[in-house]
1. Being surrounded by fewer than 23 Cβ atoms within 10 Å (Cβ to Cβ) and touching a helix residue (DSSP H, G or I) at 6+ places or on another chain (Cβ under 9 Å) is the filter; apply it to the range 170-188 and report the residue that is farthest from residue 132 (Cα to Cα).
2. Out of the range 119-133, which residues are under 14 Å from the mean Cα position of the chain (by Cα) and in contact (Cβ under 8 Å) with a residue 40 or more places away in the chain?
3. Please indicate, with yes or no, whether at least one residue in the range 186-194 is among the charged types (D, E, K, R), under 24 Å from residue 115 (Cβ atoms) and in a helix (DSSP H, G or I).
4. Select, from 201, 138, 209, 131, the only residue that is modelled with pLDDT under 90, aliphatic (A, V, I, L, M) and crowded, with 17+ Cβ neighbours inside 10 Å.
5. Going through the range 131-151 one residue at a time, which ones are touching a strand residue (DSSP E or B) at 6+ places or on another chain (Cβ under 7 Å) and closer than 28 Å to residue 169 by Cβ?
6. Can you say whether residue 157 is among the aliphatic types (A, V, I, L, M), assigned to a strand (DSSP E or B) and either modelled with pLDDT of 85 or more or buried (at least 17 other Cβ atoms within 10 Å of the Cβ) (or both), as far as the supplied structure shows?
7. Need the failing condition index for residue 145 against (1) free of Cβ contacts under 8 Å to residues at least 60 places away in the same chain; (2) within 16 Å of the chain's Cα centre (by Cα), just the number.
8. Of the conditions (1) in contact with an Asp or Glu (Cβ under 9 Å, 6 or more places away or on another chain); (2) closer than 25 Å to residue 154 by Cα; (3) of a type outside the set (D, E, K, R), residue 109 fails just one. Which one is it?
Amino acid sequence: MALGMSVICLGEGCMDQIMPFLDSIEITKETGEQSGIFTENRDKTNQRKLELLYRVSDVLMERLPINETLKKILDLLFDLLKRVDRGTILVIDPDTGDISEAVSRTTQPGTDPETTYCPDVVARVMKDRKALVISNTAAEEDDELADTLRVLRIESVLCVPMVTGSQIWGIIYVDSLQRPFGFQKEDVSLFTDLGQRTALAIENALLQANLE
C-alpha cells in the first residue's frame with residue numbers, strides 16, 4: 001500500500017514484489033539505501049539469482065531431452081520470480097525459422113496452454129533479436145504493442161531471444177497479469193544470460209542428434 005512517499009508492505013515475499021515498483025519511482029535511491037533494509041534484501045535477491053544460474057547450469061549438464069530441460073528451467077524461473085504469472089520457452093527451427101516446440105507454465109487456473117504468451121511480443125523479439133521489457137503497459141504511450149498488451153490485460157512483460165553467434169534458437173517469455181512493474185532492467189541481464197546458456201545447450205543437442 002503506497003500513500004504519498006510512504007510504502008507499507010506486509011506478508012512473506014513482499015519485498016521481492018515491491019522492489020520493482022519502488023525502483024520505478026526511485027524511492028530506493030535515498031530512503032531504502034539509508035536504512036540499509038533494501039540493500040540487505042537486494043543482496044538476498046542477487047544471491048537467489050546467482051543460485052538460479054548455477055541450478056540452470058546443472059540442468060543443462062544433465063543432457064536431458066530438450067523438452068524436459070526446458071520444463072525444468074521454466075520451473076526454476078517460477079521458483080525465483082514469484083511475480084511471474086505465465087512463462088513460455090519457445091524453440092525455433094534453425095532451418096525454417098518457425099517455432100518447432102513450446103513449453104509453458106502458468107499460475108492462472110483454466111488457462112489454455114496455447115495462449116500463455118503474446119504472439120506480437122514474441123514476433124518482435126524474433127525480428128529484432130534483442131530483449132524487450134515493458135514494466136507497466138498502462139504507462140506506455142503511442143505504442144501499438146502496448147495497446148495489444150492492454151487488451152490482453154498483461155500488466156508487464158519480459159522477453160529475450162536465445163542466441164548463439166548469429167543464430168537464434170528460441171525465445172524466453174514471461175509476463176505478469178496481476179501487477180505492473182513485474183520486471184526491471186536487471187532482470188534483462190539475468191534472462192539474457194539464461195538465454196545464451198540455453199541456446200548453446202539446444203545447439204549442442206541438435207548437433208549431437210544430427211551426428212547420431
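The values are calculated or read from the model by the stated rules, or taken from the named source; none is laboratory data. Computed from a predicted structure; not experimentally measured. Using ideal geometry, Cβ is built from the backbone for each residue, glycine included, and neighbour counts are taken over all protein chains shown.
1. In this case the residue turns out to be 179.
2. Narrowing the range 119-133 to residues under 14 Å from the mean Cα position of the chain (by Cα): 121-122, 125, 130-133.
Correct list: 121, 122, 125, 131, 133.
3. Kept after step one, since they are among the charged types (D, E, K, R), are these residues of the range 186-194: 186-187, 193.
Restricting the remaining residues to those that are under 24 Å from residue 115 (Cβ atoms) gives 187.
If we keep only those that are in a helix (DSSP H, G or I) as well, we get 187.
Yes, the range 186-194 has at least one match.
4. Details: 138 fails: crowded, with 17+ Cβ neighbours inside 10 Å; 209 fails: crowded, with 17+ Cβ neighbours inside 10 Å; 131 fails: modelled with pLDDT under 90.
Only one candidate passes the filter, namely 201.
5. Here is the first cut: in the range 131-151, the residues touching a strand residue (DSSP E or B) at 6+ places or on another chain (Cβ under 7 Å) are 131-137, 140, 146, 149.
Listed by number, the residues that qualify are 131, 132, 133, 134, 135, 137, 146, 149.
6. Values: among the aliphatic types (A, V, I, L, M): yes; assigned to a strand (DSSP E or B): yes; either modelled with pLDDT of 85 or more or buried (at least 17 other Cβ atoms within 10 Å of the Cβ) (or both): yes.
Criteria met by residue 157.
7. (2) is the only condition that residue 145 fails.
8. With (1) in contact with an Asp or Glu (Cβ under 9 Å, 6 or more places away or on another chain); (2) closer than 25 Å to residue 154 by Cα; (3) of a type outside the set (D, E, K, R) applied to residue 109, the lone miss is (1).
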